[in-house]
């Protein structure tokens, strides 16, 4: 969406990003700067391991997503909103690695307080 806004306007006008916090935007910019000249490798899917490096993720990217869960979820939302596919793939792969090998009951027992408020409705399990 923001990419389209820049292309459509063709100016240096400010682009509002109401859905992205400053700290998260800073992390997104760090990711984009790092990968400007070093494109990320394709992540092997389905994940064959909970270790992302074994799935084609670079050490740098692996460390980048080794963060608190709430920050990770906010990065997912920002990557989606900003249409940064490689960052969205990386952050979603991290979440997948966190639940890989767990059964429904183990996932269900995860404390809801660790989840950002905006994602809680999407993660309610009903049987």
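The values are calculated or read from the model by the stated rules, or taken from the named source; none is laboratory data. Here the structure is a predicted model, which is why all the values come from computation and not from measurement. For neighbour counting, all protein chains shown are included, and Cβ atoms are generated from backbone atoms with ideal geometry for every residue, glycine included.
Taking the criterion of being in a helix (DSSP H, G or I) and crowded, with 20+ Cβ neighbours inside 10 Å, the residues of segment 83-96 that qualify are 87, 90, 91, 93, 94. Answer yes if at least one residue in segment 20-29 is touching a helix residue (DSSP H, G or I) at 6+ places or on another chain (Cβ under 9 Å) and touching a residue at least 60 places away in the same chain (Cβ under 8 Å), and no otherwise. Yes: one or more hits.
Scoring residue 19 on the criteria (1) at pLDDT below 90; (2) under 26 Å from residue 100 (Cα atoms); (3) part of a loop (DSSP other than H, G, I, E, B) leaves a single failure, condition (2).
For segment 58-74, name all the residues that are at pLDDT 95 or above and assigned to a helix (DSSP H, G or I). Result: 59, 60, 61, 62, 63, 64.
Restricting attention to segment 32-49, the residues being assigned to a loop (DSSP other than H, G, I, E, B) and surrounded by 15 or more Cβ atoms within 10 Å (Cβ to Cβ) number 3.
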